[in-house]
1. Within region 114-121, identify whether any single residue is modelled with pLDDT of 85 or more and farther than 13 Å from PHE36 by Cα, and answer yes or no.
2. For GLY51, which of the numbered conditions (1) modelled with pLDDT of 85 or more; (2) open to solvent by 30 Å² or more (accessible area, probe 1.4 Å); (3) at positive phi fails to hold?
3. Go through region 109-151 residue by residue and tally those that are outside any loop (DSSP other than H, G, I, E, B), more than 18 Å from the chain's Cα centre (by Cα) and of a type in the set (Val, Ile, Thr).
4. Take LEU106 and decide whether it is out of contact with any helix residue (DSSP H, G or I) (no Cβ under 8 Å at 6 or more places or on another chain) and free of Cβ contacts under 8 Å to residues at least 40 places away in the same chain.
5. If a residue must be open to solvent by 60 Å² or more (accessible area, probe 1.4 Å) and touching a strand residue (DSSP E or B) at 6+ places or on another chain (Cβ under 7 Å), how many such residues does region 67-99 contain?
6. Among the residues of region 17-33, which ones are farther than 21 Å from SER142 by Cβ and modelled with pLDDT of 90 or more?
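The values are calculated or read from the model by the stated rules, or taken from the named source; none is laboratory data. These numbers come from a predicted model, not from an experiment. Glycine gets a Cβ as well: all are built from the backbone with ideal geometry, and neighbour counts include every protein chain shown. Surface accessibility is based on the protein's heavy atoms, side chains included, excluding ligands, DNA and RNA. Shrake-Rupley method; radii C 1.70, N 1.55, O 1.52, S 1.80 Å.
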Amino acid sequence: MKALSTVALLTLLFFASCMGYKEFPVESDYSFEGEFRRYKTFNFLDTRSSGADSSLQNDVIESAIRARMELQGYEYTTRDPRLLVSYKIFYDSLFFTGYDQPDIELFIEYEENIDQEMDPVKYNLRQGTLLVLMYDRERKKSIWQGYASGVFGDSFYSDKRYLQGAVRSIFDQYKVFAEGFAVQKKKVSRN
């Protein structure tokens, strides 16, 4: 009887832990004009004066984006950043056009040998989509976008870990390190 109750308890704990984790439908696209090997610095695009969403989630989302960018070697700066990062929450469902492209790592490694034709793909994004965009400030071009669908479900979701998980899911698609970051890490590890 005791073994049966232990199994029931373990099963309950397993299902409870699964309920806390959510996998978001995530996609990303990039521009073939991005100079991904040359980016070192970033800042957030100031959208406060444009009437953009100023909800409490902004601090959580910006903090999660900043932590991930810094983890990948990018330096946050207010003085002439090369990348500007922006994000937007879409509370309604929407249709979105993305592109069928090779993984960004393949493009960076074999840029000259990759067919740069992009086939458009239509996505039906569920209610509560988080969209993250990166702009090359010098070239005045959008170079990458990632989006997670169904982040907010049927209601306005404010759980900090939930939002951090959505940002993490998006940035799992952006596997690009800052210029010189991997080289610096190798030098440090050899010393």
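1. Yes, there is a match, as at least one residue in region 114-121 is modelled with pLDDT of 85 or more and farther than 13 Å from PHE36 by Cα.
2. All conditions pass for GLY51, except number (1).
3. Matching residues across region 109-151 total 1.
4. Values: out of contact with any helix residue (DSSP H, G or I) (no Cβ under 8 Å at 6 or more places or on another chain): yes; free of Cβ contacts under 8 Å to residues at least 40 places away in the same chain: yes.
Yes.
5. Matching residues across region 67-99 total 9.
6. None; the set is empty.
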